Ligand code: RRO
């Protein structure tokens, strides 16, 4: 399947379909399982400086027909312990992207440096978790703060820096431009949409944190529009995320301007073999439409 091999931000991927951060990222073994299932690469769980428990249960709820609502609260073992998991995945030949979150540019830079030392291929900055005090979109929805973080990380590491952006903003393309201007090598779009659910029986919000982030099929058109608009405004690669569960979804993101995609919610549902199905399906779609490589198809919908 040569058609699927691709090089993005100077990293080679055997196919453009990666495991999204937040799904199966808690152990090196589950990262390796996603890779063995056919993923082109895997993005780790978002890791901070110190261990963090996350919010009390309930933290996740399936919304039938819409997707998944979550407010996990950035649970993670901290960068020191998590190093073991990254090392394990790397020892199995997995292409790993390290996701990190911090409260300041310095913290992002320090965590990114640790990820680089572990040997990851690139770092993805979580500037977009929709519900964490002092983290995520509280930083990343402000173009100036976002730029400070990206610039600090760029000054600290040699590996490519991907900025994961929030859709919970009035000016998505403005965030993409701020990331590019600050030196990001790619943007990842999108993280989850701020959302909530109420149980009509208990008459209370379903999540302990009240509001959370929505992922899954409902957000695909929103992710696609973000990628489309960003493609018209920036020149760095775009990693498309949001509601991908079929090869046609991957193809749409590529046509809109994504050089890579990440898949999360559908993997939780359908397991690791989904990656091989998506890769085979994308290969067929590309060939049927006369493309000889993924990169040839990137942004093709803008040219028609
Ligand atoms: O941990 C979470 O609750 C979480 C994170 Br870090 C994120 O980036 N996006 C999301 O929906 N949940």
Full extension from residue 232 to residue 293: what is 0.36 nm times the residue separation minus their Cα-Cα distance, to one decimal in nm?
19.8 nm
Mind giving me the FRET efficiency for residue 144 and residue 53? R0 is 35 Å, r the Cβ-Cβ distance, nearest 0.05 is fine.
0.65
If I take every Cα pair under 8 Å that is 6 or more residues apart in the chain, average their sequence separation and divide by the length, what percent do I get for the relative contact order?
19 percent
Taking the Cα centre of each part, how many Å lie between region 252-269 and region 168-209?
16 Å
Helix-derived [θ] at 222 nm for the chain: sum -39500 (n - 2.57) over DSSP H runs of at least 4, divide by residue count, nearest 500?
-11000 deg cm²/dmol
Please report, in whole Å, how far the alpha carbons of region 2-303 spread along each principal axis, starting with the longest.
52, 47, 39
Pick from 263, 120, 206: which is most flexible by mean-square fluctuation in a GNM of the chain where alpha carbon atoms under 10 Å apart are linked?
206
Cβ-based exposure ranking for 265, 169, in which fewest neighbours within 10 Å come first:
169, 265
Taking other Cβ within 10 Å of each residue's Cβ, how do 2, 277 sort, fewest first?
2, 277
For a quick size check, give me the Cα extents of region 1-92 along its three principal axes, largest first, whole Å.
45, 39, 23
For the chain, modelled as a Gaussian network with Cα springs under 10 Å, which listed residue fluctuates most, 64, 26, 124?
64
Fully extended contour minus Cα-Cα distance, from residue 36 to residue 194, at 0.36 nm per residue:
53.7 nm
Listed residues 116, 50, 61, most fluctuating in the chain (Gaussian network, C-alpha, under 10 Å)
50
Take the eigenvalues of the Cα gyration tensor for region 121-250, scale each by 5, and report the square roots as semi-axes in whole Å, largest first.
27, 18, 12
So for 3, 129, fewest C-beta neighbours within 10 Å to most, what's the order?
3, 129
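Only the coordinates and a few stated rules stand behind these numbers; no lab work does. It should be emphasised that the depicted structure is a prediction, and the values quoted were computed from it without experimental measurement. Ideal geometry is used to build each Cβ from the backbone, glycine not excepted, and the neighbour counts take in all protein chains shown.
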